[in-house]
Every structure is written in C-alpha cells, then in structure tokens.
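Written out below as structure tokens is the structure these notes cover.
The values are calculated or read from the model by the stated rules, or taken from the named source; none is laboratory data. Source: prediction; values computed, not measured. Positions of Cβ are backbone-derived with ideal geometry, glycine not excepted, and every protein chain shown enters the neighbour counts. These area figures cover heavy atoms from the full protein model, side chains too; ligands, DNA and RNA do not enter into them. Shrake-Rupley method; radii C 1.70, N 1.55, O 1.52, S 1.80 Å.
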Amino acid sequence: MTLIALGFYQLVGVFSFVNLPKGNVLGYASNITISQIIEGTNKERVSQGLVALTYNTSLSEAATGKARDMFTDQYWAHTSPGGKEPWDFIKSVNYNYKVAGENLARDFDSTTPMITAWMNSPTHKANIMNPRYRDIGLAVVDGKLNGVETTLVVQIFGTLATDTESSTTPSVEVAGITLENFKQQEVLATSVVPQGYLSQGILLSPLHLLKAFFLSIIFLLIAVLLYDGFVAGHRKSVRLVGKNLAHIILFIFIAYLVVFFKGGVV
C-alpha cells in the first residue's frame with residue numbers, strides 16, 4: 001500500500017504543471033506574467049521613494065523583438081552575434097528615448113525568484129532603481145535556446161526625450177550619433193546567471209531538473225520492487241497484498257509521462 005501511495009504522489013507531481021494559471025501565463029514551464037513583473041519592479045522602486053514605472057507598449061514591442069531575435073539567432077547576450085544592440089530594437093519602434101536600459105533573465109519558473117535575482121545583482125538592481133526611468137516594457141517568450149526549452153524575459157526601461165531635448169540631443173537614429181557618444185544614456189546590466197547553468201555550456205532548466213528528480217525516484221522504486229520480487233521468489237514467499245509486476249508497469253508508465261511531458265502554457 002505504501003508503494004501505491006508513492007505512485008499516486010508521483011502522478012500528482014507529474015500533472016501538477018497542467019494546473020498552471022491560464023490567460024496571462026507566458027513561457028515554457030513558468031507562470032511568469034508581465035503584470036507580476038511590473039508589480040514586483042514597482043514595489044521595489046516605491047519602497048525606496050521612487051516613482052512607479054508606466055507600462056509602455058512600444059518598449060514591450062521592442063522587448064518582444066529582442067527576445068525573438070535571441071531565439072532566432074540562438075544567443076544569450078545584450079548584443080547579438082551580428083552586433084545588434086538593445087537600442088536598435090528600441091529605435092525600431094520609434095521610441096525616441098533620452099535614457100534607456102535593459103535587463104535579461106532566463107530559466108525562471110516564477111516571477112518572485114527572478115526579481116530577487118535581479119535585486120541581488122548590482123547592475124540589474126541599478127536599472128530597476130534608476131530614478132531617471134519613467135517607462136517600462138516587457139516580453140516573456142518561450143522557445144528553444146541551444147537545444148533547451150526555456151523562457152526568456154526581456155525588461156526594457158526608458159524615458160522619452162522632450163521636444164527641446166530632441167532638438168538638442170536627438171536619438172541615435174536621427175542624429176547618427178555613434179553608440180560610444182551615447183553610452184551615458186544607455187544602461188546595460190550584465191546577464192543574470194540563469195538557474196541551472198553549468199560552466200561548460202550545458203543548460204538545464206528547472207523543468208529538466210525536476211524531471212531528473214522524479215525519474216531518479218521512480219527508477220529507485222522500480223529497483224526496490226525488482227529486488228523485492230527476486231527475494232520473494234528466492235524464498236518462495238507468498239504475498240497476500242500487492243503485485244510487484246503491476247507496480248513496476250505503473251512506474252514505467254509514470255516515467256514515460258515525466259520524460260515526454262511538456263510544461264508551460266502560452
């Protein structure tokens with residue numbers, strides 16, 4: 001009976017992902033939402049007496065473009081292999097910024113740990129707590145990066161230039177000013193170390209780690225059942241309750257579900 005109970009709990013663990021919230025949920029095996037990120041970011045700012053940021057659709061369009069570009073060209077950095085900078089995405093949506101910044105995150109399955117990681121990183125925290133920012137744009141996009149299913153989060157901050165500032169300090173695109181001359185108005189945070197990142201370039205998302213954990217338990221139970229069956233057969237013991245073969249088949253079926261289950265709701 002104990003083994004049957006364990007099997008039930010394994011099934012609960014496998015299918016718990018199916019009950020992720022619907023609607024605003026974006027991302028592979030995550031329940032991160034844009035509204036949660038804005039709320040968490042503004043909570044940190046307001047706690048320090050700073051103005052809450054306003055959601056900006058143009059910056060969100062730029063953030064979405066950046067996330068898709070990372071999946072398309074398979075890179076994880078502020079600058080693409082072809083030299084495309086975050087500001088290129090901002091300029092492409094005609095957001096004439098006076099100051100702008102970008103934060104990145106990946107492989108997180110919920111919002112709070114991600115914001116905590118940003119706040120524990122001096123460069124990311126500096127972006128979140130920058131008093132010069134007024135607008136925020138976000139993208140939470142799922143896909144496959146370097147062979148691993150993951151969720152990328154792009155957070156872009158900005159402040160629009162006024163008409164006066166536009167005439168004296170125009171955007172990079174209009175004035176043709178080089179990026180070097182505009183550096184003081186563009187703030188990049190070094191990429192947050194993703195959860196499950198291994199130094200040799202192997203990426204394990206939280207879902208992969210959870211699958212490995214469940215599979216190890218399942219295989220351990222199967223090994224115990226096989227050993228129990230061997231011992232029972234050797235001693236010619238009579239079992240009044242339970243059939244090891246049925247339990248083994250059940251656990252093999254659960255292992256199959258764990259391996260091929262795809263988490264996340266789009």
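In the stretch 75-171, what percent of the accessible surface is made up of carbon and sulfur (1.4 Å probe, ligands and nucleic acids excluded)?
51 percent
For Arg106, what is the net charge nearby, where nearby means another residue's Cβ is under 13 Å from its Cβ and Lys, Arg count +1, Asp, Glu -1?
-2
Within a Cβ distance under 9 Å of Thr159, other residues only, what is the Lys/Arg minus Asp/Glu net charge?
Net charge around Thr159: +2.
For the pairs Lys98/Lys125; Lys43/Lys66; Lys43/Lys98; Lys43/Lys84; Lys98/Lys144, flag any whose C-alpha to C-alpha distance is greater than 22 Å.
From Lys98/Lys125; Lys43/Lys66; Lys43/Lys98; Lys43/Lys84; Lys98/Lys144, over 22 Å: Lys43/Lys66; Lys43/Lys98; Lys43/Lys84; Lys98/Lys144.
Whole number in Å², please: accessible area per residue of the stretch 93-169, 1.4 Å probe, ligands, DNA and RNA not counted.
Details: 2730 Å² over 77 residues.
Per-residue value: 35 Å².
Against the globular-protein guess of 2.2 N^0.38 Å, express the Cα radius of gyration of the stretch 37-127 as a ratio, rounded to two decimals. Please list the in-between numbers first.
Working: Rg = 13.9 Å, N = 91, 2.2 N^0.38 = 12.2 Å.
So the Cα radius of gyration is 1.14 times the expected 2.2 N^0.38 Å.
Could you state the accessible area per residue of the stretch 31-71 in Å², with a 1.4 Å probe and every protein chain left in place? Present the calculation step by step, with values, prior to reporting the outcome.
Numbers: 1940 Å² over 41 residues.
Normalised by residue count, the accessible surface of the stretch 31-71 is 47 Å².
Less than 13 Å Cβ to Cβ from Trp118, Lys/Arg counted +1 and Asp/Glu -1: what total charge do the surrounding residues give?
+2
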